[in-house]
Amino acid sequence: MHALLQSVYDEVINGDRSAVEAGVRAAMDAGQPPASILNDALIGAMKEVGDRFEREEFYVPEMLVAARAMKTGLTLLKPQLIQAGVPAAGKIVLGTVKGDLHDIGKSLVGMMLEGAGFEVIDLGTDVGPEKFGEAVRTHKPQLVGISALLTTTMAHMKSTLEALEDLGVRSQVKVMVGGAPLTDAFAKEIGADGYAPDASRAVALAKALLKEAQGVGKGAGR
Ligand code: B1M
């Protein structure tokens, strides 16, 4: 890897936002292709962060600072990516379910997904079933991600899936769910397509579901 890209890669892992910003700027000024800055440096580093989390060498705070540093680099790079026509890996509509205001885990999942090259439409917290449905119609994602942190709000995940069905858009998307009180069994019971226990595994799940969605020709890119 080019030394400038290696430096961006290292600083994302270190979670140093200003070093990532300076590094991405230097790489762009030196004429490094936007796709290489994105894939080799930013996405490559976030993959390593996810791997370290799974090996329990990194914990949530390290993952959060790395994700924030990556986001700083991504914001700087975005105009060049759009100009160069670099497509997003896939598109996901993400939100915390109705009645639930917890957003730290959901936002971390969103940042890790951006780090993996996904375009993330983050609807925020306390998102009602209709809002999820409207967002699917408007943004035409391949994936919908729903987070819940309360045992009382988990129930609204089922109503969200039912609303997607009622609106006739359920078959257009794969739905993944997560959040501390959830289990794989619960996800299956409500008819979700997948469950991930943490942000790193959410990325792996999103990639797998995206492949499934693309296998049947569903969804749209950036
Ligand atoms: Co709340 N809260 N809270 N809280 N809060 C919990 C969840 C609780 C377990 C605390 C406790 O009692 N021990 C408890 C829930 C009990 C239950 O239902 N079983 C609880 C409660 C009761 C409440 C209130 C009802 C308290 C009250 O007012 N009486 C209230 C509810 C408000 C509401 O939502 N309507 C409330 C309020 C709040 C604050 C606003 C103060 C604050 C939220 C701030 C914010 O998010 N902006 C808050 C916080 C911070 C917590 C704890 C302490 C931490 C949550 C967190 O951010 N964790 C939490 C206790 C705990 O979890 N230890 C607690 C860090 C985060 C990185 O992890 O969110 O689990 P997490 O996300 C992980 C995974 O779950 C997964 O990946 C993430 C990253 O690895 N994941 C996904 C999450 N979403 C995913 C989606 C995916 C895939 C994976 O795919 C789409």
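The values are calculated or read from the model by the stated rules, or taken from the named source; none is laboratory data. Keep in mind the model is a prediction, meaning the values are calculated, not measured. No Cβ is skipped: glycine too gets one built from the backbone with ideal geometry, and neighbour counts run over all protein chains shown. For accessibility, only protein heavy atoms count, side chains too; no ligands or nucleic acids. Shrake-Rupley method; radii C 1.70, N 1.55, O 1.52, S 1.80 Å.
Between LYS188 and ARG68, the C-beta separation translates, for a Förster distance of 35 Å, into a calculated FRET efficiency of about 0.55. A quarter of the convex hull surface defined by the alpha-carbon atoms of the chain gives 11.6 nm² as the mean projection. Each Cα pair under 8 Å and six or more residues apart adds its sequence gap; the mean of these over the residue count of segment 1-93 is a relative contact order of 38 percent.
Applying a DSSP loop filter and a limit of 15 other Cβ atoms within 10 Å to the GluC sites (Glu not before Pro) in segment 46-86 leaves GLU56, GLU57. The modelled label-to-label distance between GLU48 and ARG25, using points 7 Å beyond Cα along the C-beta direction, is 2.3 nm.
Ranked by the mean number of other Cβ atoms within 10 Å per residue, highest first, peptides 26-35, 127-136, 91-100 order as 91-100, 127-136, 26-35.
Counting only DSSP H runs of at least 4 residues, each contributing -39500 (n - 2.57), and dividing by the residue count of the chain, the helix-based mean residue ellipticity at 222 nm comes to -18000 deg cm²/dmol. Surface composition of the chain: carbon and sulfur atoms hold 52% of the protein heavy-atom accessible area at a 1.4 Å probe.
Were the residues from HIS139 through ALA88 laid out at 0.36 nm apart, the gain over their Cα-Cα distance would be 17.0 nm. Distance between the pseudo-spin-label points of LEU101 and GLU162 (7 Å out from Cα toward the beta carbon): 2.7 nm. Each Lys or Arg adds one and each Asp or Glu subtracts one; over the other residues with Cβ under 15 Å from the Cβ of GLY124, this totals -3. What the chain shows is 45 Å² of accessible area per residue, with the surface traced by a 1.4 Å probe over protein heavy atoms.
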